[in-house]
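One structure is given here, and the rest of the page talks about it.
The values are calculated or read from the model by the stated rules, or taken from the named source; none is laboratory data. From a predicted model like this one, the values you see are computed outputs, not experimental measurements. All Cβ positions, glycine included, derive from the backbone under ideal geometry; neighbour counts span all protein chains shown. With ligands, DNA and RNA removed, areas are computed over all heavy atoms of the protein, side chains included. Shrake-Rupley method; radii C 1.70, N 1.55, O 1.52, S 1.80 Å.
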Amino acid sequence: MLSMGDLSLSSMLLLAGALWLALAIDHWLGEPSARWHPVVWMGQYLGWVGAFIAPQRTQPGAADYKRFVLGALGWIAGAALVLIATVLLQQGAWQLPAWLGWVLLGLLLKPLLAWRMLRGEVLAVEAALAESLPAGRARLAWLVSRDVQALSAEEVRESAIESLAENLNDSVVAPIFWFMLLGLPGAALYRFANTADAMWGYRGVYQGRDWSWTGKWAARADDVLSWLPARLTALLLALVKGGLSLRAVRREAGRTPSPNSGWPMAAMALALGVSLHKPGVYVLHSQGRAPLAGDTLQSAALGSKVVLALAILATVAMVFIVFVGGGMRS
């Protein structure tokens, strides 16, 4: 795994080049097939382990520390496998000729980023909603785990925009953030943690299993790893929009029960000038108007600008670190 002591111009440029290659592959080709997708493999592992450790119930049970320990051990075992595999793969890339190492690292990073798929799915919800409300609800069900059958057209659109903002962090910004800090193992560990939270991190019963204690470790691990990237996502949205009140973003983000997802959603609501809400849970930017079809398109455009801005800033930061570090050592 990369450390500050290992930094060199060649290794840092290799990481930056791999990032741009991964984003180019994502833009032009999208996702690899499920058979070759590492995030799908992570999900298969989590689904298999979860079936053994999460009890089947119709109502949440009492405090269960045994289930908590089992959930933590299952998470740690999966994370260890991910780290071992990606450390070996990255070390292998370092040993190759520069151009071949760049290609391999970019190909390995790409499945850990999913901007094209996220953008396409959100725009597909808007397109389906233009056909009919049932079509919009059905398409939204591909994106969210909540019950969509009773949602109005306005609520379908709000959910799609919220999903884009939240997953802009989870599927793009956070993996890139950890990739720049720790290389391929950092990005892969984050995607494992985020996938585990998505599959295990429920506060009660989901699909017939009680995750209240089994998924608690997974939920907290994702909270920790997403803390800085979620705020970076909000900051980038403010930057590409041309300036938002960070005090307002912080205030609105605090209205959600999540310590992290509220930040990109609040920034997106303020950037679009719309109100986003989840009935009975939160309302973001209550003074805003109801979102329109054009707001979904604009949210996707803002997301694309965030991805580009992050790649540029990450590259500049890496070059700066290399030259500052080199100056300090000379």
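Using the Kirkwood formula over every pair of different C-alpha atoms, what hydrodynamic radius in Å results for segment 136-287? Walk me through the numbers on the way to the answer.
Details: mean 1/r = 0.0623 Å⁻¹.
Its Kirkwood hydrodynamic radius stands at 16.1 Å.
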(request) Using semi-axes √(5λ) of the Cα gyration tensor in Å as the read-out, say which of [x] 60, 26, 19; [y] 39, 23, 18; [z] 32, 26, 19 was calculated from these coordinates. (result) [z]
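If you roll a 1.4 Å probe over segment 179-330 with all protein chains in place, what percent of the accessible area is carbon or sulfur?
Working: 4340 of 6670 Å².
On segment 179-330, the fraction of accessible area on carbon and sulfur atoms equals 65 percent.
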(message) 5 Å is the cut-off here: which amide hydrogens, built 1.01 Å from N in the peptide plane, fall below it relative to His277, excluding neighbours closer than 5 in sequence?
(response) Leu284
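Would you kindly calculate the mean projected area, averaged across all directions, of the convex hull enclosing the Cα atoms of segment 28-115, in square nanometres? Before the final figure, lay out the partial values.
Working: hull surface 32.2 nm².
For segment 28-115, averaging the hull's shadow over all directions gives 8.1 nm².
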(message) With a 1.4 Å probe and all protein chains left in place, how much accessible area per residue does the chain have, in Å²?
(response) 47
(request) At q = 0.17, 0.29 Å⁻¹, work out log10 I(q)/I(0) for segment 182-224 with the Debye formula, treating every Cα as an identical point scatterer and leaving solvent out; two decimals please. (result) -0.45, -0.91
(message) Charges on Cβ only, +1 for Lys and Arg, -1 for Asp and Glu, centred on the Cα centroid of segment 1-154; of Leu46, Trp94, Leu133, which one is farthest towards the dipole's positive end?
(response) Leu46
(request) Any aspartates and glutamates with Cα under 16 Å of the Lys241 Cα? List them, leaving off those in the same chain fewer than 8 positions away. (result) Asp295
(request) Measure out, as a whole number of angstrom, how far apart the alpha-carbon centroids of segment 40-54 and segment 82-137 sit. (result) 21
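Is the C-alpha gyration tensor of segment 61-211 telling us rounded, prolate or oblate? Criteria: a/c under 1.5 is rounded; beyond that, a/b larger than b/c is prolate, otherwise oblate.
oblate
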(request) In debye, nearest 20, what is the charge dipole magnitude of the chain about its Cα centre with +1 on Lys and Arg Cβ and -1 on Asp and Glu Cβ, if you could check? (result) 440
(message) If I take all pairs of Cα atoms in segment 223-330, what percentage of them are more than 15 Å from each other?
(response) 66
(request) Return the carbon/sulfur percentage of the accessible area of segment 82-141, one whole number, probe 1.4 Å, all protein chains in place. (result) 71
(request) Would you mind computing the Rg to Rh ratio of segment 220-259 from its alpha-carbon coordinates, Kirkwood style for Rh? (result) 1.01
(message) Please list, in order along segment 278-285, the HN-Hα scalar couplings obtained from phi with the Karplus expression 6.51 cos²θ - 1.76 cosθ + 1.60 (θ = phi - 60°), rounded to whole Hz, x for Gly and Pro.
(response) 10, x, x, 10, 7, 9, 9, 6
(message) I need the phi-derived Karplus couplings for segment 70-85: 6.51 cos²θ - 1.76 cosθ + 1.60, θ = phi - 60°, integer Hz, Gly and Pro marked x.
(response) 4, x, 5, 5, x, 5, 4, 4, x, 4, 5, 4, 4, 5, 4, 5
(request) List the extent of the Cα atoms of segment 195-268 along each of their three principal axes, largest first, rounded to whole Å. (result) 45, 20, 16
